[in-house]
1. At a Cα cut-off below 18 Å, give the lysines reachable from Lys90, other chains included and same-chain residues fewer than 8 away excluded.
2. Averaging sequence separations of C-alpha pairs under 8 Å and six or more residues apart, then dividing by the length of the chain, give the relative contact order as a whole percent.
3. Quick one: which residues, 5+ away or cross-chain, put their amide H under 5 Å from the amide H of Val41? H built at 1.01 Å from N.
4. Lys and Arg at +1, Asp and Glu at -1: add these up for the other residues within a Cβ distance under 14 Å of Leu72 and post the number.
5. Build a GNM of the chain with springs between Cα atoms under 10 Å: which of Thr54, Thr77, Thr20 gets the top mean-square fluctuation?
6. For the stretch 22-81, what does the accessible surface come to per residue with a 1.4 Å probe? Please give it in Å².
7. Determine ³J(HN,Hα), in whole Hz, for all residues of the stretch 79-88 in sequence, where each value follows from phi through the Karplus function 6.51 cos²θ - 1.76 cosθ + 1.60 and θ = phi - 60°; x replaces Gly and Pro.
8. Name the long-range amide H neighbours of Asp10: under 5 Å, sequence gap of 5 or more, or other chain; modelled H, no Pro or chain starts.
Amino acid sequence: MSEVEPIVFDFTRIDEGFMTIEATKLKLLMNALFTGSYFPVQVRGNPMQIDRFTRALAAEKDYVAAFNNYGLNNPATYRSRYKLDSAVRKFERDTGLVWPIK
């Protein structure tokens, strides 16, 4: 069995094209989260950057799951969307980056 190359999110090296490159990695990670497949991930940065990233990622997953389970016009979906918007705002404010999923 060959070892899978981990997805690395490195917030210590932010430049102009950072989120463009990271958006592709994020798409792979979201796919792995929803399929339940194993995919190694490394997140580098200061503790606040890592916390904001993981919270936004978890909120994104929760929103998509609520949308798939209940549809758009359900209170549970609205609540998860509100939590996602809040997590994304905090991520963008504290990292200075734009969340790549809209």
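1. Counting by Cα, and skipping residues close in sequence, Lys90 has these lysines nearby: Lys61, Lys102.
2. Values: 87 pairs, mean separation 30.2, N = 102.
That works out to 30 percent.
3. Those qualifying (amide H under 5 Å, at least 5 residues apart or on another chain) are Ile7.
4. Numbers: positive: Arg79, Arg81; negative: none.
So the environment of Leu72 carries a net charge of +2.
5. Fluctuation is largest for Thr20.
6. On the way: 3790 Å² over 60 residues.
About 63 Å² of surface per residue is accessible.
7. 5, 5, 5, 4, 5, 5, 4, 5, 5, 5
8. Arg44
The values are calculated or read from the model by the stated rules, or taken from the named source; none is laboratory data. The structure displayed is predicted, hence computed values, not measured ones. Note: ideal-geometry Cβ built from the backbone for every residue, glycine included; neighbour counts use all protein chains shown. With ligands, DNA and RNA removed, areas are computed over all heavy atoms of the protein, side chains included. Shrake-Rupley method; radii C 1.70, N 1.55, O 1.52, S 1.80 Å.
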